[in-house]
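The values are calculated or read from the model by the stated rules, or taken from the named source; none is laboratory data. Being a predicted model, the structure only gives us computed values, none of them experimental. FYI the Cβ positions are ideal-geometry reconstructions off the backbone, even for glycines, and counts take in every protein chain you see.
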Amino acid sequence: MKASASLSGMLNLPFVSEIQAFRRKIHAAPELAFQEHATSQAVAEALRSYGLEVHTGIAGTGVVGVLKRGASSRSIGLRADMDALPIREGNAFAHASRHDHVMHACGHDGHTAMLLGAARYLSRDGRFDGTAVFIFQPAEEGAGGASKMISEGLFERFPVEAVFGLHNWPGLPVGEIAVHRGPVMAGTSALQIRITGRGCHAAMPHQGVDPILIASHLIQALQSIVSRQVHPCESAVVSVTQISAGDTWNVIPGEALLRGTIRAYKSEVLAQVEASVQKISKGVAEAFGAQVEVDFRDRHPPTINTAAESDLSRKAAELAVGRERVRTEELPSMGAEDFSFMLQEKPGCYIWLGNGPGEGGCTLHNPRYDFNDDAIPHGIAYWVRLVESVLGVPGSV
């Protein structure tokens with residue numbers, strides 16, 4: 001395989017085909033958030049076979065593997081996510097999902113497989129002094145798996161000094177890695193606005209308070225937040241993505257429901273936008289004689305890489321794929337990431353691993369997506385070089 005050959009002078013990975021087979025096995029049997037029972041069992045069995053100390057049941061289906069070398073008390077955490085998405089797969093290859101309307105459309109199967117591959121290599125050939133903690137997290141896709149692991153004592157039980165994560169990135173060539181200093185993914189909150197007017201006959205609109213009309217004014221007004229209230233040098237997004245109102249053609253309904261998302265790279269900007277949404281919604285509703293309820297939920301903080309750990313990740317990436325294949329000037333993404341909760345507890349870094357072109361629908365959260373197996377050796381190499389860089393003995397890398 002081309003990707004394996006590019007690493008032949010750096011790491012000996014004779015087992016990479018087994019890791020790729022494991023990835024395809026769990027791709028074919030995807031499981032949703034907090035339902036990753038078979039996946040977590042397979043992960044735990046693999047870690048035990050490598051000789052790691054294994055802990056299960058954290059956040060229900062979370063798994064943690066611990067690998068100790070030498071006498072150092074230093075410890076770092078490496079995290080992979082395991083859950084799939086409620087999407088019906090559109091691929092027809094042999095390892096396509098066998099579970100209706102459940103699919104690994106974000107590459108968590110690849111993330112899990114690569115971290116297992118790193119655990120296998122390090123358990124046999126790793127040159128480091130300290131403890132590597134392998135964190136296999138459930139429920140990244142909006143269900144709060146990271147928060148639940150933390151609340152159940154993840155970092156008290158495994159007191160790592162820093163935590164690291166990665167995500168495959170369609171559009172970034174295989175064999176390349178992007179490392180950001182500072183923001184890499186946005187913070188987000190889900191937005192819901194309920195407008196309560198007064199229903200009436202559509203032919204007699206003067207007898208009611210039309211929530212659909214109010215909703216249209218409100219959607220327009222919300223667009224002024226980013227363009228006129230957020231500092232021009234800051235980044236934010238306010239998008240209304242759903243409008244629900246009415247049941248028939250000749251009745252003005254009594255209620256309309258708007259849903260959408262807010263994104264920003266700074267928590268204070270996110271809070272500013274939420275406050276503006278509240279104020280504008282109340283003002284528009286009052287102007288038309290309606291009532292409004294604004295609700296924010298599923299909040300994720302921004303994913304912010306700390307400077308020192310970003311430098312460590314960049315060094316490890318250069319050792320894994322070569323300096324010329326490490327990007328440090330990529331723009332961050334407005335997507336959100338559950339790993340952000342771990343970075344609120346510990347310093348760390350979250351990098352992007354090239355997954356190749358996103359052609360034919362091979363983009364994240366698309367029914368035609370599939371993790372690129374050629375990226376697996378590069379992901380394993382990154383994890384190995386990171387552990388050996390941070391915890392290594394002199395001359396180990």
Among all residue pairs at least 6 apart or on different chains, which show Cβ distances below 7 Å where the first residue, located in the stretch 278-307, is free of Cβ contacts under 8 Å to residues at least 24 places away in the same chain and the second is of a type outside the set (S, T, N, Q)? Gln278/Val294; Lys282/Val292
Going through the stretch 178-193 in order, the residues found to be in contact with a Gly (Cβ under 9 Å, 6 or more places away or on another chain) and not β-branched (Val, Ile, Thr) are Ala178, Met185, Ala186, Ala190, Leu191, Gln192
Single residue of the stretch 349-381 satisfying the filter (in contact with a Ser or Thr (Cβ under 7 Å, 6 or more places away or on another chain) and assigned to a strand (DSSP E or B)) that is farthest from Cys106 (Cα to Cα): Cys349
Being touching a helix residue (DSSP H, G or I) at 6+ places or on another chain (Cβ under 6 Å) and more than 23 Å from Gly77 (Cα to Cα) narrows it down to one of Arg368, Arg297, so name that one. Arg368
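So that you can scan it fast, the table gives a plain yes or no per residue for (1) touching a helix residue (DSSP H, G or I) at 6+ places or on another chain (Cβ under 8 Å); (2) over 30 Å from Glu255 (Cα atoms); (3) modelled with pLDDT of 95 or more:
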residue: Glu152; (1), (2), (3): no, yes, yes
residue: Glu156; (1), (2), (3): no, yes, yes
residue: Val160; (1), (2), (3): no, yes, yes
residue: Val179; (1), (2), (3): yes, yes, yes
residue: Ile195; (1), (2), (3): yes, no, yes
With the condition being modelled with pLDDT under 95 and surrounded by fewer than 21 Cβ atoms within 10 Å (Cβ to Cβ), I'd like the strands (runs of 3 or more DSSP E) fully within the stretch 218-333 carrying at least 2 qualifying residues. 291-300
If you go through the stretch 370-385 one residue at a time, do you hit one that is closer than 28 Å to Arg157 by Cα, at pLDDT 95 or above and among the β-branched types (Val, Ile, Thr)? yes
Quick one: what pairs do we get from the stretch 75-92, first residue touching a residue at least 12 places away in the same chain (Cβ under 8 Å) and within 11 Å of Phe158 (Cβ to Cβ), second of a type in the set (Asp, Glu) and surrounded by fewer than 18 Cβ atoms within 10 Å (Cβ to Cβ), C-beta under 8 Å, 6+ apart or different chains? Ser75/Glu161; Ile76/Glu161
Selection within the stretch 280-337 - within 19 Å of Leu191 (Cβ to Cβ), polar (S, T, N, Q) and outside the structural domain of Val237 (by TED's automatic domain parsing): none
Please determine whether any residue of the stretch 175-193 is among the β-branched types (Val, Ile, Thr), touching a Leu at 6+ places or on another chain (Cβ under 7 Å) and assigned by TED's automatic domain parsing to the domain that holds Val294. yes
Residues (of a type in the set (D, E, K, R) and surrounded by 14 or more Cβ atoms within 10 Å (Cβ to Cβ)) located in the stretch 144-160: Lys148, Glu152
Among (1) surrounded by fewer than 19 Cβ atoms within 10 Å (Cβ to Cβ); (2) under 30 Å from Ala92 (Cα atoms), the one test that Asn355 misses: (1)
Only residues that are more than 20 Å from Thr61 (Cβ to Cβ) and either surrounded by fewer than 22 Cβ atoms within 10 Å (Cβ to Cβ) or not small (Gly, Ala, Ser) (or both): list them for the stretch 131-143, please. Thr131
